[in-house]
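Accompanying notes for the structure given below.
The values are calculated or read from the model by the stated rules, or taken from the named source; none is laboratory data. These figures come from a predicted structure and were not determined experimentally. Ideal geometry is used to build each Cβ from the backbone, glycine not excepted, and the neighbour counts take in all protein chains shown. Note: areas computed on protein heavy atoms with side chains; ligands, DNA, RNA excluded. Shrake-Rupley method; radii C 1.70, N 1.55, O 1.52, S 1.80 Å.
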Amino acid sequence: MTDAIWKKSMINHLLSFINMHEQFNFAIEVLGTISFSMSGSFAAMQKRLDPFGVLIIAFVTSVGGGTVRDLLLDIPVFWMHDLLTCALIILTSIFTMIFKSFEKNFRVTLFIFDSFGLGLFTIIGVQKGLHADIHPLICIGLGTITGCFGGIIRDILLNRIPLIFRKEIYATACIVGGATFLLLTKFTTLSYPIIQIFTILLIVSIRTLAVKYHWQIPKFYGYENNSEM
């Protein structure tokens, strides 16, 4: 009788932990969607797009990276079976368009939400790769794709050079964050939510410090001749 009670208690604890873990992952996805939706909306408003254009840019910024990731993993594209994601993007875009009358410094606001979206979605991409039983190095690549590709599509549609191809450190932050996440998961006893939060803040911090102190990846060409090869 005692063994049965103990086993039942352990199962209940395990189910409670799994439920808490799923809820935290859900919170990360929601926050990431909101962050990138606001990032896309502010970027679109910088270009003076109409409300429909703002909504389209917010949408591709939010789901672009995850769509590419799911296609590579050959699994159903996440937002096509989840009306909550679409509703979040629409509501966030409307809120952002209303909020714009109070916020004049689009550049700073865009940077803040883009950085948090980058951190949140990188973790989601790495976790998706792990759940698909893919090699850890490929998981880091999936995390980078999830975090960066929405912004790449956004910038292409807005006719500007994507951030990932400019001098700012962008994809590098995703790679460092994804690698840190995997190392902490494998070699430490820290709880999963703590590792997730730490990694997200690490990516945001790298992005912030890189912009503030003008950190750049070394280039292997000079500036004397800008002509194409």
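Here Gly143 does not qualify as under 26 Å from Asp74 (Cβ atoms), touching a Gly at 6+ places or on another chain (Cβ under 6 Å), modelled with pLDDT under 95 and crowded, with 23+ Cβ neighbours inside 10 Å. Residues in region 117-149 that are over 19 Å from Pro193 (Cβ atoms) and touching an Asp or Glu at 6+ places or on another chain (Cβ under 7 Å): 0 in all.
Considering region 160-200, and only residues there that are in contact (Cβ under 8 Å) with a residue 40 or more places away in the chain and out of contact with any helix residue (DSSP H, G or I) (no Cβ under 7 Å at 6 or more places or on another chain), the residue that is most open to solvent (accessible area, probe 1.4 Å) turns out to be Lys167. Filtering region 12-25 for residues that are among the small types (Gly, Ala, Ser), open to solvent by 10 Å² or more (accessible area, probe 1.4 Å) and at pLDDT below 90 leaves a non-empty set. Among the residues of region 122-140, those identified as surrounded by 21 or more Cβ atoms within 10 Å (Cβ to Cβ) and either over 16 Å from Thr33 (Cβ atoms) or without any contact (Cβ under 8 Å) to a residue 40 or more places away in the chain (or both) are Val126, Gly129, Cys139, Ile140. Any idea which of Phe42, Phe78 is without any contact (Cβ under 8 Å) to a residue 40 or more places away in the chain and surrounded by 14 or more Cβ atoms within 10 Å (Cβ to Cβ)? Testing whether each residue is without any contact (Cβ under 8 Å) to a residue 40 or more places away in the chain and surrounded by 14 or more Cβ atoms within 10 Å (Cβ to Cβ) leaves just Phe78. Residue check: Phe181 meets all listed conditions (1) farther than 25 Å from Arg154 by Cβ; (2) aromatic (Phe, Trp, Tyr); (3) in contact with a Gly (Cβ under 9 Å, 6 or more places away or on another chain) but one, namely (1).
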